[in-house]
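First up is the structure itself, then whatever we jot down about it.
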Amino acid sequence: MQTSFTPEQLRDPGLAAANEVLRTCVHCGFCTATCPTFVLKGDELDSPRGRIYLIKDMLEEGGPPGALVVRHIDRCLSCLSCMTTCPSGVHYMHLVDYARGVIETRHTRPWHDRLLRRLLAALLPYPARFRTALRAARLARPFAPLLPRSGVLASRMRAMLALAPERLPAADGGMAGKVWRPEGTRRFRVALLAGCAQRVLDPEINAATIRLLTRMGGEVVVPDGSGCCGALAHHLGRHGQTLAEVRANVAAWTREMAGEGLDGIVVNASGCGAMVKDYGFLMRLEPEADSAAKVAALAMDVSEALLRFGYAPSRPPAGITVAYHAACGLQHGQKITEEPKLLLAKAGFRVAMPAEAHLCCGSAGSYNMLQPEIADSLRERKLGNLRDCAADVVATGNIGCLTQLAGHGLPVLHTVMLLDWMAGGPRPAALEAAAVPEPEGEARAHELAAEAAGQLGG
Amino acid sequence: MDVEPPLHEDVLARRGAIVAGLCRLLPEDAVISDRARLRPYETDGMASERQVPLAVALPSTTGEVVAVMRFLHREGVPVVPRGAGTSLSGGALPRADAVVLGMMRMHRILEVDYADRFARVQAGVTNLAITEAVQKGGFFYAPDPSSQLACMIGGNVAMNAGGAHCLRYGVTTNNLLGLTVVTAEGDVVEIGGRHVDAAGYDWLGLLTGSEGQLAVVTEVTVRILHAAEGARAMLVAFKANEVAGACVAAIIAAGIIPVALEFMDRPAIAACEAFAHAGYPLDAEALLIVEVEGSAAEQDALLARISGICARFEPVSLRVSASAEESAAIWKGRKGAFGAVGRISPDYLCMDGTIPTGRLAEVLARIGEMSGRYGLKVANIFHAGDGNLHPLILFDANDADSQRRAEEFGAEILRLCVEVGGCLTGEHGVGVEKRPLMGVQFNPTELAQQRRIKEAFDPGWLLNPSKVFPAADAAA
Amino acid sequence: MTEGAAEGEAPRDEAGIAAAVLAAYEAREPLEVIGNGSKQGMLRPVQAARTLRLGGLSGVVMHSPEELVVSARAGTTLAELDGVLAARGQSLASEVPDLRHLLGSEGEPTLGGAVAANLSGPRRIGGGATRDYVLGVRAVNGRGELLRCGGRVHKNVTGLDLCRLLAGSHGTLAVLTEITLKVLPRAERERSLAVRCAEARAGVAALSIGLGSAFGVSGAAYVPAALAGRVPGLSGPAALLRVENFADSVAYRVDRLRALLAPFGTVDVLEEEVSRQAWRSLRDAEPLADGEGAVWRLSVRPSAGPGVAERLEREMGAAWFLDWGGGLVWLRGPAGERGHASVCAAVAEAGGTWTLLRAPLALRQVVAVIPPEPEALARIGGRVKAAFDPAGILNPGRMRAGV
Ligand code: SF4
Ligand code: SF4
């Protein structure tokens, strides 16, 4: 597509990169069809191509963007469905992330919007603060009906309160600096991105991941100094905070790589995985560019790690049908589509795919709190398609999707919980709640598992 | 020389009142009138032409379309209907004095009937969504333009969209049963229905492919077909375009009508392979994708027959896909061809002429000669069964001279198509792109006849202005 | 060239046609346009001072089998065209009916007449109508001007699609002089299945299963008990489905269809020649050709066919059979205004269209022979007619009174 930047403007490396992205777009419009917001809103402005155009204009003109324009960019879920669809290889992610930063610096949002965004950026990446906030939200929930019926602020507040879980699991007791030894001989060594919000909402995911990896002969470390991947701040357009968070992780992992060495950096939240894999680009203008690129190259989703290091179940098939909900960070962000299904099938589950699998469930990081109406519509649509699968349980690879979809009558759990169960771990609690029948031969399976473990050990 | 008909100055002057009028007819978020947000509507799939519209209206029902059309007719305001905005001929290009009527919100599937084999949908349903809606029953909607994922059925009707499989299943016009349209005056008219072949004039046929010149389509009833038991593709590569062309003729002369017969030349092969990794042979001059349908045994029999014919033409390579997945990969390259070319060049012009299939080699040789003369690369994709040629001219839109040369190159190709007995456009439509060339294919008497028909439907020339008819003609 | 007003002119070239039309235009004298007159008994009678015969303008101009195209002058007989195509293993895909027996006429049917009437046979249901195969035409409009529409290529969306508009316009917009068609290979083999079904509804359900299958059914008709004896190969009421393809495919598909259709009744197979005769008979409406009465051709959604036919059988004692999967109702009943009104009402209720195909002159003069159009469309239609034929000289009144 034609662009008209002055040589002056193009000297800004961020803008130059954005220009490169704009130039690859041929304005064919294919991406509109698979964009969740276009499907809902039926407006070019809420489509990837429309947003690309709005961003192009905003950047070309250089001034502060108007509130009406910002609204359409804000509605973008960063689900990256458009990137999967685009035949021309337009890197929409880099473009919209850059645009968000520009909006954050040039556009003044209403006070409540600013407040909310600051709050999210200050809470979510920090497990301790986030726990406290969730507790407060739970206490505040009875007051939700007192909120005004309409208005952005009220609906956002309602959304936040609704998303706070009923019961908060026990804290994981801190993970930084810990090492989990492999069962038997060490076959590989990986760092685990312990994550932030996920640790608070469902610490079992990390526990299952660690059990899986150590059982397969992996040593797992969570290096001191590594923390939130930076995606939350990044999607809120907070460039400074993002860089700080990324820098901390790069430093921590680089130390580890230089020390005992790493065969991979395992991430079990899809959005974070997509983020870490892009560290090379994010830091390309920083002094840590090289080490960031090396870190990014080592990053892998837990499903990739399990396949690479040889996942094998030890229990007989449970006779359960699993509807696989593809998290956007996996299917679009990391182009990981087959691995999780392959693993589930390997573990003996029947796998069902919902219609419109490419559409986001509306979670999208902090999106469901900022754009509750679109997020709710997408959730309803997704739940409908998942129900049509008539499966026993829904599996997905992202904590955001879990929170978004849970609590609506369908048991939803992280893929690793099922895989860990079939490899000898505990039966996931979500199955109990949903009364999924205990498979026959469970006892025998335990024996098998013990045998297998024995063999590994011996 | 093509002179743009003048804008309705009075309409521009009444802009505020017109926008206010639209706001009274439609919900708040269905009217766009601020300049910043009008910009993304200034162009469609042919991004080289741009004009910011007066306003955009996004109706959700036929009733809203009627209200808007009546109002705009009364006010004398031109209307540009727009589906997904994927036109490659600028079919949805606005004008400063025109309201864009976006049909994207009309995306409901209204009725599916397997016994009578039809589906009735709103105009903003995408082509692929129709097939998806009837897939459960084993059916599909046959026309499959490359943009089928995104393009909408209303636009398909307006452009009489084709696709890779139309040699066997026909184009849009052959697959329609009925239309609901809103006339320039704002009357709703039902044409056809759930039966075939209305007695009387074939309004269905006339409206199809009329590029929004005669009425606005709001609902479409299409014929759906049961999918074949299976389909498989084969790839045959040749050392020269002539040889590939002769092979196509031999297949058809043998009484075989494959469901698809697609041709790519060397640069197209390279671009598509880079995108789809379908295993296209990069050392061939010409590549044919031949697809057949039927049971596994029928596929085998047909592919064997075709392989036998191909063998006579000394193919460089011949690969029969072994599975549905392999066939899908083969098609992925072809279907993503336009976008794939976007990866090797910042911009491209996609031409769309049709030639008698027997003239392929000669036409490609002359296009190659032009490519040298204009200093621009070109990749050719050809629906070999039906003669529809898509040369993709690579250029750089940020270089004005490159753009000008590309446009001249394109025009010369289309003149060549007409010269050898073909036509200016096989499936993309005339739009704004080929409007100046209409005189190459039609003489003044013929153009005048078409113009009179346009006027019978739209006496005020308010529907999709500045398209199809050469400017001098339209202004006359 | 002129043979007198009564005989009409029969120019041997396009220029002669254009001159004749121009003369009529200048004289403001209506012109009846006919090929060889095989369908003169159809639709409304034309009151015209002059007659223009196209029979003299004949001959195949071009046939390119590898490109599946043929061009012929409008007066070329279908028999001649078929001979040329058959020599290269091809045919006109829409199976144009020969209505001479039904209409009691004699002239050899021409290509121009077939296209002007958009007459399509049984294959219409799987393939397309005659107009679907028209790639290009040359025609002379009511001002005596020569127009070229479409071309000789399969895909062409340049400008308005006048080919389709002219096909089926019964010579009221322009006089076709040359037509280019898409042709298809003749199938290597054909075979039909006759499913014994006493009930029309069940019969149409069987047709629907066949047409909604993956087996490429190319003909789907239902013949009730009353007419079964008149169709070669049938001994009782039956749903008839045809498969045409390469020999091995036909064998396979017939087997699969037989299994699919078995629940509906005993399935007999009609081999090649019998199958051909059966479909030819249905194509030409032979079962209804003899006997008194008017003949209508109704097109409704297939599932509505049996209801409409049976209702009219009750109301006016009509004889009928169904083609196009049930959607085409061929109907013969008493020629009178009452019966005609019943037909119109039944079709209007079911949603569809009708043509009064055969009737005594007296009836055709007083009733509409095709359904009226909604007002907004009729208004546009009048303007379109004027756009081609401003003086209203081409076949006036043929389709509708006063147009
Ligand atoms: S990232 Fe998702 S929501 Fe945003 S434009 Fe792309 S497809 Fe649409
Ligand atoms: S699909 Fe890609 S090239 Fe096409 S409009 Fe969307 S981003 Fe641009």
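Being modelled with pLDDT under 95 and open to solvent by 30 Å² or more (accessible area, probe 1.4 Å) is true for just one of B:Glu412, B:Glu419, B:Glu433, B:Glu427. Which residue is that? Break it down stepwise before answering.
Details: B:Glu412 fails: modelled with pLDDT under 95; B:Glu419 fails: modelled with pLDDT under 95; B:Glu427 fails: open to solvent by 30 Å² or more (accessible area, probe 1.4 Å).
Of B:Glu412, B:Glu419, B:Glu433, B:Glu427, the one residue that is modelled with pLDDT under 95 and open to solvent by 30 Å² or more (accessible area, probe 1.4 Å) is B:Glu433.
Within region C:91-106, can you find the residues that are crowded, with 18+ Cβ neighbours inside 10 Å, of a type in the set (Asp, Glu) and in contact with a Lys or Arg (Cβ under 7 Å, 6 or more places away or on another chain)?
Correct list: C:Glu95 only.
Going by the conditions given, is B:Gly294 at positive phi, small (Gly, Ala, Ser), away from chain A (no Cβ under 14 Å) and buried (at least 17 other Cβ atoms within 10 Å of the Cβ)? Quick ask: steps written out before the conclusion?
Working: at positive phi: yes; small (Gly, Ala, Ser): yes; away from chain A (no Cβ under 14 Å): yes; buried (at least 17 other Cβ atoms within 10 Å of the Cβ): yes.
The answer is yes for B:Gly294.
Are there strands (runs of 3 or more DSSP E) fully within region B:328-427 with at least 3 residues that are touching a Ser or Thr at 6+ places or on another chain (Cβ under 6 Å)? List them. Break it down into steps so the answer makes sense when it comes.
Working: elements: B:347-350, B:378-383, B:388-395.
Correct list: B:388-395.
Given the structure, is A:Arg114 among the charged types (D, E, K, R), away from ligand 1 (no atom under 16 Å from the Cβ), in a loop (DSSP other than H, G, I, E, B) and open to solvent by 10 Å² or more (accessible area, probe 1.4 Å)?
Working: among the charged types (D, E, K, R): yes; away from ligand 1 (no atom under 16 Å from the Cβ): yes; in a loop (DSSP other than H, G, I, E, B): no; open to solvent by 10 Å² or more (accessible area, probe 1.4 Å): yes.
No; evaluated as a whole, the condition is false for this residue.
Would you pick out the residues in region C:9-22 that are small (Gly, Ala, Ser) and open to solvent by 40 Å² or more (accessible area, probe 1.4 Å)? I'd like the intermediate steps shown before the answer.
So the first thing to find is which residues in region C:9-22 are small (Gly, Ala, Ser), and the list is C:10, C:15-16, C:18-20.
Result: C:Ala15, C:Ala19.
Would you mind finding the one in B:Pro470, B:Pro459 that is more than 10 Å from every other protein chain (Cβ to nearest Cβ) and either open to solvent by less than 30 Å² (accessible area, probe 1.4 Å) or not acidic (Asp, Glu) (or both)? Break it down stepwise before answering.
On the way: B:Pro459 fails: more than 10 Å from every other protein chain (Cβ to nearest Cβ).
It is B:Pro470.
In the list A:Tyr98, A:Tyr53, which residue meets the criterion of being within 24 Å of B:Arg35 (Cβ to Cβ), open to solvent by 10 Å² or more (accessible area, probe 1.4 Å) and within 16 Å of ligand 2 (Cβ to nearest atom)? Walk me through how you get there before you give the answer.
Working: A:Tyr53 fails: open to solvent by 10 Å² or more (accessible area, probe 1.4 Å).
Only one candidate passes the filter, namely A:Tyr98.
Within region A:19-32, how many residues are more than 15 Å from ligand 1 (Cβ to nearest atom) and more than 7 Å from chain B (Cβ to nearest Cβ)?
2
Find the residue count for region A:308-322, including only residues that are open to solvent by 50 Å² or more (accessible area, probe 1.4 Å) and among the hydrophobic types (A, V, I, L, M, F, W, C).
1
Under 9 Å between Cβ atoms, which residue pairs at least 6 apart in sequence (or on different chains) link something in region A:37-51 that is farther than 15 Å from A:Gln371 by Cβ with a partner that is within 8 Å of ligand 1 (Cβ to nearest atom) and small (Gly, Ala, Ser)?
A:Pro48/A:Ser81
Restricting attention to region A:346-368, which residues are on the phi < 0 side of the Ramachandran plot and crowded, with 22+ Cβ neighbours inside 10 Å? Even if it seems obvious, please write down each step before you answer.
The first filter runs over region A:346-368 and keeps only residues on the phi < 0 side of the Ramachandran plot, leaving A:346-347, A:349-355, A:357-361, A:363, A:366-368.
Answer for region A:346-368, where residues must be on the phi < 0 side of the Ramachandran plot and crowded, with 22+ Cβ neighbours inside 10 Å: A:Ala347, A:Phe349, A:Leu359, A:Cys360, A:Cys361, A:Ser363, A:Ser366, A:Tyr367, A:Asn368.
For region A:84-91, indicate whether the set of residues that are within 16 Å of ligand 1 (Cβ to nearest atom) and surrounded by fewer than 19 Cβ atoms within 10 Å (Cβ to Cβ) is non-empty. Quick ask: steps written out before the conclusion?
Of region A:84-91, the ones within 16 Å of ligand 1 (Cβ to nearest atom) are A:84-91.
After this cut, where a residue has to be surrounded by fewer than 19 Cβ atoms within 10 Å (Cβ to Cβ) as well, the list is A:84, A:89.
The answer is yes; a qualifying residue exists.
I need the full set of residues from region C:143-152 which are out of contact with any Cys (no Cβ under 6 Å at 6 or more places or on another chain) and open to solvent by less than 20 Å² (accessible area, probe 1.4 Å), in order please. Write out each step before concluding.
Taking region C:143-152 first, the residues out of contact with any Cys (no Cβ under 6 Å at 6 or more places or on another chain) are C:143-148, C:152.
C:Gly144, C:Leu147, listed by residue number.
Go through region B:47-58 residue by residue and tally those that are crowded, with 24+ Cβ neighbours inside 10 Å and facing another protein chain (nearest Cβ under 10 Å).
Residues flagged as crowded, with 24+ Cβ neighbours inside 10 Å and facing another protein chain (nearest Cβ under 10 Å) within region B:47-58 amount to 2.
Restricting to region A:4-46, give me the number of residues that are open to solvent by less than 40 Å² (accessible area, probe 1.4 Å), of a type in the set (Val, Ile, Thr) and within 13 Å of ligand 2 (Cβ to nearest atom). I'd like the intermediate steps shown before the answer.
Taking region A:4-46 as the starting set, the residues that turn out to be open to solvent by less than 40 Å² (accessible area, probe 1.4 Å) are A:5, A:14-19, A:21-23, A:25-39, A:42-46.
Those left that are additionally of a type in the set (Val, Ile, Thr): A:21, A:26, A:32, A:34, A:37, A:39.
Filter once more, keeping what is within 13 Å of ligand 2 (Cβ to nearest atom): A:21, A:26, A:32, A:34.
Residues meeting the conditions: 4.
Just the residues that are within 20 Å of A:Val21 (Cα to Cα) and open to solvent by 20 Å² or more (accessible area, probe 1.4 Å), please, taken from region A:281-292. First the steps, then the outcome.
Keep residues of region A:281-292 that are within 20 Å of A:Val21 (Cα to Cα), which gives A:281-285.
Hits for region A:281-292 are A:Phe281, A:Leu282, A:Arg284, A:Leu285.
May I ask you to list the residues in region C:214-261 that are assigned to a helix (DSSP H, G or I) and in contact with a helix residue (DSSP H, G or I) (Cβ under 8 Å, 6 or more places away or on another chain)?
Step one: list which residues in region C:214-261 are assigned to a helix (DSSP H, G or I), which gives C:225-228, C:247-261.
Scanning region C:214-261 gives C:Leu227, C:Asp248, C:Ser249, C:Tyr252, C:Leu257, C:Leu260, C:Leu261.
Those residues that are assigned to a helix (DSSP H, G or I) and in contact with a Phe, Trp or Tyr (Cβ under 8 Å, 6 or more places away or on another chain), I need them from region A:75-104; list them, please.
Our first condition is that a residue be assigned to a helix (DSSP H, G or I); within region A:75-104, this holds for A:81-85, A:92-104.
Answer for region A:75-104, where residues must be assigned to a helix (DSSP H, G or I) and in contact with a Phe, Trp or Tyr (Cβ under 8 Å, 6 or more places away or on another chain): A:Cys82, A:Met83, A:Thr85, A:His94.
Could you count how many residues in region C:40-68 are part of a loop (DSSP other than H, G, I, E, B), under 22 Å from C:Ser91 (Cβ atoms) and open to solvent by 30 Å² or more (accessible area, probe 1.4 Å)?
Of the residues in that region, 1 qualify.
Just checking, does region C:169-179 include any residue being out of contact with any Ser or Thr (no Cβ under 7 Å at 6 or more places or on another chain), over 30 Å from C:Pro306 (Cα atoms) and at the interface with another protein chain (Cβ under 7 Å from one of its Cβ atoms)?
The answer is no; no qualifying residue exists.
Report the residue count in region A:201-218 for those that are touching a residue at least 40 places away in the same chain (Cβ under 8 Å) and open to solvent by 10 Å² or more (accessible area, probe 1.4 Å). Step through it out loud before you land on a result.
Going residue by residue through region A:201-218, those that are touching a residue at least 40 places away in the same chain (Cβ under 8 Å) are A:201-202, A:204-206, A:208-209, A:211-213, A:215-218.
Okay, now just the ones that are also open to solvent by 10 Å² or more (accessible area, probe 1.4 Å), so A:201-202, A:204, A:211, A:215-216.
Going through region A:201-218 one residue at a time, the tally reaches 6.
Test each condition in (1) free of Cβ contacts under 8 Å to residues at least 40 places away in the same chain; (2) of a type outside the set (A, V, I, L, M); (3) away from every other protein chain (no Cβ under 11 Å) for B:Asn127 and report the one that comes out false.
(3)
Scanning for something of a type in the set (Asp, Glu), within 24 Å of the chain's Cα centre (by Cα) and closer than 24 Å to C:Asn245 by Cα, does region B:274-292 turn up at least one residue?
Quick first cut of region B:274-292, residues of a type in the set (Asp, Glu) only: B:283, B:285, B:291.
From what's left, within 24 Å of the chain's Cα centre (by Cα): B:291.
Okay, now just the ones that are also closer than 24 Å to C:Asn245 by Cα, so B:291.
Within region B:274-292 (the criterion being of a type in the set (Asp, Glu), within 24 Å of the chain's Cα centre (by Cα) and closer than 24 Å to C:Asn245 by Cα), the answer is yes, since at least one residue qualifies.
Tell me which residues, restricted to region C:71-90, are within 13 Å of another protein chain (Cβ to nearest Cβ) and crowded, with 19+ Cβ neighbours inside 10 Å.
C:Ser71, C:Leu85, C:Gln90
Give B:Gln135, B:Gln122 a once-over and let me know the one that is within 14 Å of chain A (Cβ to nearest Cβ) and in contact with a His (Cβ under 7 Å, 6 or more places away or on another chain). Please lay out each step first, then the result.
Numbers: B:Gln135 fails: in contact with a His (Cβ under 7 Å, 6 or more places away or on another chain).
Answer to the selection: B:Gln122.
If you take the residues in region A:33-75 that are near ligand 1 (Cβ under 9 Å from one of its atoms) and in contact with an Asp or Glu (Cβ under 8 Å, 6 or more places away or on another chain), which one is nearest to A:Pro110 (Cα to Cα)?
A:Arg75
Taking only region C:189-209 into account, find how many residues are open to solvent by 40 Å² or more (accessible area, probe 1.4 Å), outside any helix (DSSP H, G or I) and among the charged types (D, E, K, R).
Qualifying residue count, region C:189-209: 4.
Looking at region B:251-274 only, could you name the residues that are in contact with a Phe, Trp or Tyr (Cβ under 8 Å, 6 or more places away or on another chain) and within 11 Å of chain C (Cβ to nearest Cβ)?
none
The values are calculated or read from the model by the stated rules, or taken from the named source; none is laboratory data. None of the values given here were measured: they were computed from a predicted structure. Quick reminder, even Gly has a Cβ in these numbers, built from the backbone with ideal geometry, and neighbours come from all protein chains shown. These area figures cover heavy atoms from the full protein model, side chains too; ligands, DNA and RNA do not enter into them. Shrake-Rupley method; radii C 1.70, N 1.55, O 1.52, S 1.80 Å.
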